[in-house]
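S.K.: Sharing a structure with you now.
Throughout, read-outs are computed from the coordinates displayed, never taken from laboratory work. Everything numeric in this text was worked out from a predicted model, so none of it was measured. With ideal geometry, Cβ positions are generated from the backbone for all residues, glycine too; neighbour counts draw on all protein chains shown.
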Number of protein chains: 2
Amino acid sequence: MKLTILGCHSATPRTDTNPTSQVLEIKNHMFLIDCGEGTQVELRRNRIKFSRIKHVFISHLHGDHYFGLVGLVNTFSLLTRETELHIYAPKGLKEVIMLQMKLANAWTSYPLIFHELTSKEPELIYEDDKVEVHTIPLDHRIYTNGFLFKEKENERKLDINSVTEANINVAYFRKLKQGADVVNEDGVLIDNKTVTKDPQPPKSYAFCSDTVYHEDIVPQIKNVTALYHESTFLERHEALCKPTKHSSAKQAASIAKMANVGMLFLGHYSTRYDDLNEFKIEAQTVFENSKLAKGGKTFTI
Amino acid sequence: MKLTILGCHSATPRTDTNPTSQVLEIKNHMFLIDCGEGTQVELRRNRIKFSRIKHVFISHLHGDHYFGLVGLVNTFSLLTRETELHIYAPKGLKEVIMLQMKLANAWTSYPLIFHELTSKEPELIYEDDKVEVHTIPLDHRIYTNGFLFKEKENERKLDINSVTEANINVAYFRKLKQGADVVNEDGVLIDNKTVTKDPQPPKSYAFCSDTVYHEDIVPQIKNVTALYHESTFLERHEALCKPTKHSSAKQAASIAKMANVGMLFLGHYSTRYDDLNEFKIEAQTVFENSKLAKGGKTFTI
């Protein structure tokens, strides 16, 4: 799994910072998560092929999380894209995009499919044979979801020497990978565990932006491989967290610790701070494996 | 008069090009003309103070001319602006912006005033004691206006030596600047021309993007000091002009020549061209004083 940060500042784009957007590469998918103004240029800068993006997940309808989407949708058309694009977003975004298309008298060259979110409970919103995506209801000033991306249990790995020795027909390899015992060419039942190895444990990534400190999410993100949790403020501005419904670096780290996650990425920094290292230092007092998200940075998860 | 180009490419923003936006400094106004995605960052990059922008003129509702506006409107609020912002744009834009504000549950901190345009005839849309702005109806795929910015006749300049010698009371200086003859301290009528000098002739700037070759605009832009005319294509792609309702560099130059303008700025280049000099060379075969618009460039008019 690879996470590329396109932007991770809050509020307004500036010459050296971009609003929230990131790309998660998981099981051959390129999932675009949030899409602030300038995202399409950041995708180009990071050499991410537009055609590989087939699913976009929008957390909420504050501008710094979606103002770049209409431009991206439009650019895909100008490039005569034909592949479907699925957008998972709070109800309302479809109306915004469709209104702008109507006014431009320009429709997409490809099927554009909206999945409008309204539930306040966690929902399974995407699933295929390798991946699941669930919403993580957050507590912000408007309706907001985080997203939990989970690999499904990986297939068992064939120990090819043992398989050959056990005289198993190739037709049964698929079943072996799925964990079943099979009958070999001599009619003997072979115990799966003797010819396969445990797969890599499935990985998971939770994206949580924007939210006030919200312990309710802990059970859902328990033991994820990596967590992105917003840290708009430092502890010294914690008085701003409640009224704006944002979190401090320390609060993000507390959630990470309680959920026993593998690593924490901090982001959604207020543009008032020049030295982002303060976020890392503050978070690490609570949760050691805290890292700073940064535009253009790719994390291997 | 000073014109700063923030972006002058068509269609999609890229790492090295921005869609249409420019700032015209005229008689202490900073008029923002079109506002493609990324405009607020380009304003910062060009060190143009947000607070000086009080009027925005949007030519038409194709994304490369206005997708940056909602972000700018939003950023002004985040910066707790209090000054009025006037937006002159085709009907529809107000609905787009208001819908997005409603969804964000966030209203502007300042009066936001929309002037919705629907007329297909030239209209006077802004006027004060120094400046007029008129629409220039263009012929594009959707309802589109160019804009004509005109200084009013400047005041006459006092020849301070002659004024003193003529023994004129300071109370009459204002009348003198307005061209009136006045009575001096000795009761003698003084001929205005003997104590004042001709003012600088008023300047004018016409912004014409996007449009197919459209001679109807020539009478309206006759003798303007400077004309920005779109040149999306080179002559060798002129077959694309009619169906897309755009112009070639040569066509832009023909309009400039017919209208006897002082200088021509080319822009709205298709991103298919790497060497923009071809536009200049082509235009100059018809109209010598043709210049290339370029992101970050400021022209003194």
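S.K.: In peptide B:11-24, what is the residue-averaged number of other protein chain Cβ atoms found within 10 Å of each Cβ?
M.R.: On the way: counts 4, 11, 8, 5, 5, 2, 1, 1, 1, 0, 0, 0, 0, 0.
Neighbouring Cβ atoms belonging to other protein chains average 3 per residue here.
S.K.: Rank these for me by crowding, B:80, A:135, going from fewest to most other beta carbons within 10 Å.
M.R.: Ascending Cβ contact count within 10 Å gives the list B:80, A:135.
S.K.: Among rounded, prolate and oblate, which fits chain A when a ≥ b ≥ c are the square roots of the eigenvalues of its C-alpha gyration tensor, a/c under 1.5 means rounded, and a/b larger than b/c means prolate? Mind showing how you got there, number by number?
M.R.: Numbers: a/c = 2.31, a/b = 1.46, b/c = 1.59.
The shape class here is oblate.
S.K.: Next up: What does the copy distance list look like for residue A:2, label position 7 Å along Cα→Cβ, in nm and ordered from shortest?
M.R.: 4.5
S.K.: Extension gain residue B:130-residue B:162, at 0.36 nm per residue separation less the Cα-Cα distance, in nm?
M.R.: Contour length minus Cα-Cα distance gives 8.9 nm.
S.K.: Please state, to two decimals, what the Cα-based radius of gyration of segment B:157-197 comes to when divided by 2.2 N^0.38 Å (N = residues).
M.R.: 0.94
S.K.: What fraction of the Cα pairs in the protein assembly as shown, stated in percent, has a spacing above 34 angstrom?
M.R.: 52 percent
S.K.: Roughly what % of DSSP beta bridges within chain A run antiparallel, to the nearest 5? Working shown, then result.
M.R.: Working: 32 of 60 bridges.
Antiparallel bridges: around 55 percent, rounded to the nearest 5.
S.K.: Averaged over A:41-47, how many beta carbons belonging to a partner chain fall within 10 Å of each residue's beta carbon?
M.R.: Partner Cβ neighbours, averaged per residue: 3.
S.K.: Taking the alpha-carbon distance from residue B:250 and a cut-off under 17 Å, which lysines remain once sequence neighbours fewer than 8 residues away in the same chain are dropped?
M.R.: Answer for residue B:250, where 17 Å is the Cα cut-off: B:242, B:280, B:291, listed by chain and number.
S.K.: What average number of partner chain Cβ atoms lie no more than 10 Å from the Cβ of the residues making up A:84-91?
M.R.: Counting Cβ atoms of other protein chains within 10 Å of each residue's Cβ and averaging gives 0.
S.K.: I'd like the distance between the alpha-carbon centres of segment B:141-219 and segment B:51-98, rounded to an integer number of Å.
M.R.: For segment B:141-219 versus segment B:51-98, the Cα centre distance is 32 Å.
S.K.: Would you please put B:237-243, B:191-197 in order of how densely packed they are, using the mean number of other Cβ atoms within 10 angstrom per residue and starting with the highest?
M.R.: Highest mean packing first, the order is B:191-197, B:237-243.
S.K.: Further, regarding this structure: Output, in nm with one decimal and in ascending order, the distances from the residue B:237 label point to the matching label points of the other copies (7 Å from Cα along Cα-to-Cβ).
M.R.: 4.4
S.K.: Another one. List the distances, in nm and shortest first, from the label point of residue A:177 to the matching label points in every other copy, placing each point 7 Å from Cα along the Cα-to-Cβ direction.
M.R.: When each copy's label point is compared with this one, the spacings are 8.4 nm.
S.K.: Roughly what % antiparallel, to the nearest 5, for the DSSP beta bridges in the protein assembly as shown?
M.R.: Values: 64 of 120 bridges.
For the protein assembly as shown, the DSSP antiparallel bridge percentage is about 55.
S.K.: Same structure again: Rounded, prolate or oblate, given the Cα gyration tensor of segment B:1-157, with a/c below 1.5 counting as rounded? Walk me through the numbers before you get to the answer.
M.R.: Values: a/c = 1.31, a/b = 1.22, b/c = 1.07.
Rounded, because the longest to shortest axis ratio a/c is under 1.5.
S.K.: Pop a pseudo-label 7 angstrom from the Cα along the beta-carbon direction at both residue A:239 and residue A:28 and give the gap in nm to one decimal.
M.R.: Once both label points are built, they end up 5.5 nm from each other.
S.K.: Let me ask another. For an R0 of 35 angstrom, estimate the FRET efficiency from the Cβ-Cβ distance between residue A:297 and residue A:51 and round to the nearest 0.05.
M.R.: Numbers: r = 23 Å, r/R0 = 0.67.
About 0.90, to the nearest 0.05.
S.K.: Now for a separate question. Which of the lysines could a cross-linker span from residue A:150 if the Cα-Cα distance has to be under 16 Å and same-chain partners fewer than 8 positions apart are dropped?
M.R.: Partners within reach: A:2, A:27, A:130, A:203, A:222.
S.K.: How many nm separate the modelled label positions at residue B:277 and residue A:288, each set 7 Å beyond the Cα in the direction of the Cβ?
M.R.: Here the modelled spin labels are 6.0 nm apart.
S.K.: Let me ask something else about it. Take the Cα of residue B:270, step 7 Å along the line toward its Cβ, and report every residue of segment B:38-66 whose backbone nitrogen sits under 12 Å from that point.
M.R.: No residue passes the distance filter.
S.K.: Shape call for segment B:74-159 from the C-alpha gyration tensor, a ≥ b ≥ c root eigenvalues: rounded (a/c under 1.5), prolate (a/b greater than b/c) or oblate?
M.R.: In terms of gyration-tensor shape, oblate.
S.K.: What 222 nm value per residue comes from the helices of chain B, counting each DSSP H run with n ≥ 4 as -39,500 (n - 2.57) and dividing by all residues, nearest 500 deg cm²/dmol? Each step should come with its number before you reach the end.
M.R.: On the way: 9 runs with 66 residues, N = 301.
It comes out at -5500 deg cm²/dmol, rounded to the nearest 500.
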